[in-house]
1. Please tell me if T162 is surrounded by fewer than 23 Cβ atoms within 10 Å (Cβ to Cβ), within 16 Å of the ligand (Cβ to nearest atom), at pLDDT 95 or above and in a loop (DSSP other than H, G, I, E, B).
2. Scan S247, S240, S193 and give me the residue that is crowded, with 21+ Cβ neighbours inside 10 Å and of a type in the set (G, A, S).
3. For segment 115-133, name all the residues that are closer than 22 Å to T297 by Cα and touching a residue at least 24 places away in the same chain (Cβ under 8 Å).
4. Kindly establish whether A151 is within 16 Å of the ligand (Cβ to nearest atom) and either at pLDDT 95 or above or not hydrophobic (A, V, I, L, M, F, W, C) (or both).
5. Search segment 69-94 for residues being of a type in the set (D, E, K, R) and either in a helix (DSSP H, G or I) or within 19 Å of the chain's Cα centre (by Cα) (or both), and hand back the single one that is farthest from the ligand (Cβ to nearest atom).
6. Quick check on segment 227-247. Is at least one of its residues assigned to a helix (DSSP H, G or I) and within 15 Å of the ligand (Cβ to nearest atom)?
7. Counting just the residues of segment 202-222 that are in contact with a strand residue (DSSP E or B) (Cβ under 8 Å, 6 or more places away or on another chain) and not in a strand (DSSP E or B), which one comes out nearest to the ligand (Cβ to nearest atom)?
Amino acid sequence: MSVYIRSDILRMSGYVAGEQPSAQSSVVKLNTNENPYRASAKIYEAIRQVLDAGLSRYPDPFANEFRAAAARKFDIEPAMILCGNGSDDLLTILTRTFVGSGELLRLPYPTYILYRSLAEIQGAKHEIVQFNTDWSLPDKFYSGKTDLRLAFLPNPNSPSGTIIPKQRILEIAEKLPCPLVVDEAYADFADESCIDLVGRCERIIVIRTLSKSYSLAGLRFGFLVAQPELVNQMMKVKDSYNCDSISIAAATAAINDNEWLAENTKKIINTRKILTEKMRAIGFNVPDSNANFTWNTKPDIDVRLIYEYLKSHGTLVRYMNYPEWGDGLRISVGTEEQINNCIKLIQNYTNKSL
Ligand SMILES: Cc1ncc(COP(=O)(O)O)c(C=O)c1O
């Protein structure tokens, strides 16, 4: 049947998401950067109200209730916000809006693997610029080709959790010949955000998700902040009803609940500190993380075997191997108990293998 399939699609291997055992499974999931805590009770109440009203009507295609709430929170115009079915949906919309077939997109490396898959699906070319070994970004990221159509930059980055300072982001955006998408999936766990840079540099587009810091990965809701003119063009590309009534109401309740967010991020950041210090004490290299995960490397042992040992003991972390860069374990910040258990298992393994 492959004769019917576009050659671009046949050639690509496709994005592989992290393992998702069934919801009933007792496996401790530290592999896909989900939040270990239950979302705000206000969200469940908002969902109940939508269900009580019934689901026979189409949702608001623009999610205006959410746009108004997010605009208030970030002190921007609602017209600067575009909502999506998770931030992956927004990344797809961006690629389809800005990068035509055969055109060029730039990404750092190692980073979120989906960017590359999106370029491949679009039949676009992509150019990779490696991070420096300290996870800073070389000037090469903005120099060279003038036919670039779009650049993706996750900040904080995955898998490293590291951050590029805001001033440097502004410098990069001003020197690039195309829009710069700053993917802030993890920014609520960091000290700074680039949302206010959108007003200072028209080429900056910032994406946020509610999957991580709001404990809503199962709901699917994200939004982006860009110049209204760009948002209007992207509106033409998105599915008409890309966010449903339940997710719009839940996301609106979430973004309004600043108290819940502050408490939750504080807990995650405290546990991240424990995870970082203990992994360093075992001998892993762990860059300072600004996200809800850490990147752990140890060139003198085969870390894949640790991943397998953890899995056989009911804890899933993410083993990543980046050609020409190296491999490591990305460990999501779970509850303090989950992290302490995970670390004990890693200690057992490394003691045995010495
Ligand atoms: C850098 C980055 N961007 C975007 C996403 C996707 O998030 P969402 O659940 O909103 O699609 C992820 C998910 O892991 C991510 O790591």
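1. Answer is yes for this residue.
2. Details: S240 fails: crowded, with 21+ Cβ neighbours inside 10 Å; S193 fails: crowded, with 21+ Cβ neighbours inside 10 Å.
Just one listed residue meets the conditions, S247.
3. If the condition is that a residue be closer than 22 Å to T297 by Cα and touching a residue at least 24 places away in the same chain (Cβ under 8 Å), then Q130, F131 are the ones that fit.
4. yes
5. The selected residue is R72.
6. Yes, segment 227-247 contains at least one residue that is assigned to a helix (DSSP H, G or I) and within 15 Å of the ligand (Cβ to nearest atom).
7. S211
Table: residues versus (1) assigned by TED's automatic domain parsing to the domain that holds E34; (2) among the charged types (D, E, K, R).
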{"residue": "E229", "(1), (2)": "no, yes"}
{"residue": "Y241", "(1), (2)": "no, no"}
{"residue": "I246", "(1), (2)": "no, no"}
{"residue": "A250", "(1), (2)": "no, no"}
{"residue": "I268", "(1), (2)": "yes, no"}
{"residue": "K273", "(1), (2)": "yes, yes"}
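The values are calculated or read from the model by the stated rules, or taken from the named source; none is laboratory data. It should be emphasised that the depicted structure is a prediction, and the values quoted were computed from it without experimental measurement. For neighbour counting, all protein chains shown are included, and Cβ atoms are generated from backbone atoms with ideal geometry for every residue, glycine included.
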